[in-house]
1. Assuming R0 = 51 Å, can you tell me the calculated FRET efficiency for the pair residue 17 and residue 138, based on Cβ-Cβ distance, to the nearest 0.05?
2. Once you sort the root eigenvalues of the Cα gyration tensor of segment 1-132 as a ≥ b ≥ c, which label holds: rounded (a/c under 1.5), prolate (a/b larger than b/c) or oblate (the other case)?
3. If 24, 128 are ordered by their accessible area, calculated over protein heavy atoms with a 1.4 Å probe, which sequence runs from highest to lowest?
4. Quick one: Karplus J couplings for segment 25-41, per residue in order, coefficients 6.51, -1.76, 1.60, θ = phi - 60°, nearest Hz, x for Gly and Pro?
5. Applying the Karplus parametrisation 6.51 cos²θ - 1.76 cosθ + 1.60 with θ = phi - 60° to the phi angles of segment 201-215, what ³J(HN,Hα) value in whole Hz is obtained for each residue in order, glycine and proline being reported as x?
6. Roughly speaking, what is the stretch gain from residue 29 to residue 123, that is 0.36 nm per residue apart minus the C-alpha to C-alpha distance, in nm to one decimal?
7. Would you mind getting me the FRET efficiency between residue 72 and residue 111? Use the beta-carbon distance for r and R0 = 51 Å, nearest 0.05.
8. Would you please give the residues with an amide H less than 5 Å from that of residue 42, counting only those at least 5 places away or on a separate chain, with H modeled from the backbone geometry?
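The values are calculated or read from the model by the stated rules, or taken from the named source; none is laboratory data. None of these values were measured; they are calculated from a predicted model. With ideal geometry, Cβ positions are generated from the backbone for all residues, glycine too; neighbour counts draw on all protein chains shown. Protein only, heavy atoms only, side chains kept; ligands, DNA and RNA dropped before computing areas. Shrake-Rupley method; radii C 1.70, N 1.55, O 1.52, S 1.80 Å.
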Amino acid sequence: MIKRKKRSREDWIMDSVIFILSIIVLLITIYPFYYIFILSFNEGLDASRGGIYWWPRKFTLENYQKFLNDAKWIRGFFMSLLRTVAGTLTGVLFTTLVSYGLSFRNLVGRKWYMVLVIVCMYFSGGIIPYYMVLKTLHLIDTFWVYIVPGAMNLFFVTVGMSFFDGIPPSLRESAKIDGAGELRIFSNIILPISKPFLATLALFVGVGHWNNWYDSAFFIRSKELRTLSYLMIEVINTNQETGNKTAAAFQSASTTSLSVQLTAMVISVVPIMCVYPFLQKYFVGGMMIGAVKE
């Protein structure tokens, strides 16, 4: 029978301090999200007076009704959703293929490929040359400007190389002996055991696409292609420039531009919260890729 070690007074004190500090950090981290959540369910005009901290003072669903009835916000939401799904699938596919290919040590020109990846990862040509490249490729003001430039994540190429390099070569060799080609080896052997890397890559790429407003601001002119994140940035900048006049133009009986924006923030967080629990079990393992070398 294993005896449990008796804990000293110092252990109890230290554990109590750590527990209290963890609770404080947790509250500081969660409260801003909770504050936005309760304001989204409060009348906008009433919320502008302040004094709301723990629950709505005048509960209402008009903020969500106005959001759902506004074609601009709905169009932006589905544009962000479409961009995130297409961009994540494309980014995971090409990043995984390139990192898997570069993981072969006998690849011809591997050293120069690595130099190219490192240089491109740390240096860029700037916004003007980047814009000219996109214009030459006829990507400006098209949906593909969201997808094509981010089809490969160079940082995760290096992470994927470390992951694939740790897979025993005997797996591929035994499959080749049985007559499997490279494509079958990759799809039937490599991908099933690469779930930690794929889940981590999908999460980071997906969140990056969902939160990105930069592309929509500089490379998109059509209102139909605006994303949800850009619309929220637009409302923030408009309110800062014009102040109360803009707020009065947006407000109705109980809603304001700010209350609708807070509602959009809550709705924008929901997809990420729904996806994350399914990827969490792979996320920790994916974050440890390349951290330990034997």
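1. Numbers: r = 60 Å, r/R0 = 1.18.
Given R0 = 51 Å and the Cβ-Cβ separation, E is 0.25.
2. Working: a/c = 2.79, a/b = 1.17, b/c = 2.38.
Taking the square roots of the gyration eigenvalues as a ≥ b ≥ c, segment 1-132 is oblate.
3. I get 128, 24, largest accessible area first.
4. Here the 3J(HN,Hα) series is 4, 4, 5, 4, 6, 7, 4, x, 5, 5, 5, 4, 4, 6, 5, 5, 9 Hz.
5. Computed from phi, the couplings for segment 201-215 are 4, 5, 5, 5, 5, x, 5, x, 5, 5, 8, 6, 10, 4, 4 Hz.
6. On the way: separation 94, 0.36 × 94 = 33.84 nm, distance 3.35 nm.
Contour length minus the Cα-Cα distance gives 30.5 nm.
7. That gives a FRET efficiency of 0.50.
8. 60
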